Every structure is written in C-alpha cells, then in structure tokens.
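Visitor: Take this structure, written in structure tokens, and hold onto it; I'll ask about it next.
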Amino acid sequence: MKKFMDEFKQFIARGNVIDMAVGVIVGGAFSSITTSLINDIIMPLLGIFTGSISFASQSVTIHGAVIAYGNFLQAVLNFLVMAFVVFCLVKALNNLHRKNAKPEPSPAPPEPSNEEKLLMEIRDLLKENA
C-alpha cells in the first residue's frame, strides 16, 4: 500500500496533472460560452428558417410520446462546435511544438572497417603511381 501511495504522490506532483486540472476548469467555463452561443444565437437564427421562435422547442408527438428532436439537434450542434474548437486548439499546439522542436543532429558516419581502410590505401597508392 505504501508503494502505491508513493507512486500516487509522484503522479500528483507532476506538472501534467496541474495542467490537466487547469484544462478541465477552463473547458468547463468554455462549455458554458459554447452553450450560450448555440442557445442564444445560432438556434434562434435556425428558428427563423423553421418558422418557429425556439428551435429547441421543436418536437413530434407519436402515440402520446413527445420526441424533442430540437433539443437533440441543439445538443449535437453544441458538441460539434466544442469538438471543432478543441481540434483547432490541438492542431495549433502541435504546430507550435513542431516549430519549437530542434531537429535531431544527423548521426556521425560510421568509421570505415579495416577492409575499407585497406582499400582506400590501395586506391591512394594507385593514384600516386599513375
């Protein structure tokens, strides 16, 4: 149990956990902004095209069951906006990391084998005699 707790302390002490916590908090705040964008701007505009004041209130009743497809479409649109923003952020961060990454130096050529050294000496002697 002590080993497990020590590993957990090391995990918590890493900077990535703090970064992840900040990301979750900012993501939660951004989610409310996205929800407001969808509910208060995009859906009313879509409601104009459907002839309804509130697109979210669109529903169909079948044998007494109310199918609120407007709410579902609103949730799907909210998800797509959030997914697009996260995609753009990840893409930007990846590009930033690629630009900041230093190219790895090319490895030094391997030292010639004894046979290659002997062949080079023979070649040099033949050039001198020619």
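Visitor: Order these peptides, 63-74, 116-127, by their mean beta-carbon neighbour count within 10 angstrom, highest first.
Guide: Final packing ranking: 63-74, 116-127.
Visitor: Counting only the heavy atoms of the protein chains, how much of Met20 is accessible to a 1.4 Å probe, in Å² to the nearest 10?
Guide: 120
Visitor: Now, a different point. Please list the equivalent ellipsoid semi-axes of the stretch 1-122, computed as the square roots of five times the alpha-carbon gyration tensor eigenvalues, in descending order and whole angstrom.
Guide: 57, 25, 15
Visitor: Quantify, in whole percent, the carbon and sulfur part of the accessible surface of the chain (1.4 Å probe; protein heavy atoms only).
Guide: Looking at the chain in its full context, I get 68 percent from C and S.
Visitor: If you roll a 1.4 Å probe over the heavy atoms of the protein chains, what accessible area per residue do you get for the chain, in Å²?
Guide: Per residue, the chain has 86 Å² of solvent-accessible surface.
Visitor: While we're looking at this one, here's another question. Residue farthest toward the positive end of the dipole of the chain, with Cβ of Lys/Arg at +1 and Asp/Glu at -1: which of Asn78, Phe8, Gln58?
Guide: Farthest towards the positive pole: Gln58.
Visitor: Which whole-number percent is the relative contact order of the chain (Cα, under 8 Å, 6+ apart)?
Guide: 13
Visitor: Nearest 10 degrees, 0 to 90: what angle lies between the long axis of helix 15-37 and the longest principal axis of the chain (Cα atoms)?
Guide: In the chain, helix 15-37 runs at an angle near 40 degrees to the longest axis.
Visitor: From the helices alone, meaning DSSP H stretches of at least four residues, give me the mean residue ellipticity at 222 nm for the chain, per-run term -39500 (n - 2.57), in deg cm²/dmol to the nearest 500.
Guide: Dividing the helical sum by the residues of the chain leaves -23500 deg cm²/dmol.
The values are calculated or read from the model by the stated rules, or taken from the named source; none is laboratory data. All values reported here derive from a predicted model rather than from experimental measurement. Using ideal geometry, Cβ is built from the backbone for each residue, glycine included, and neighbour counts are taken over all protein chains shown. These area figures cover heavy atoms from the full protein model, side chains too; ligands, DNA and RNA do not enter into them. Shrake-Rupley method; radii C 1.70, N 1.55, O 1.52, S 1.80 Å.
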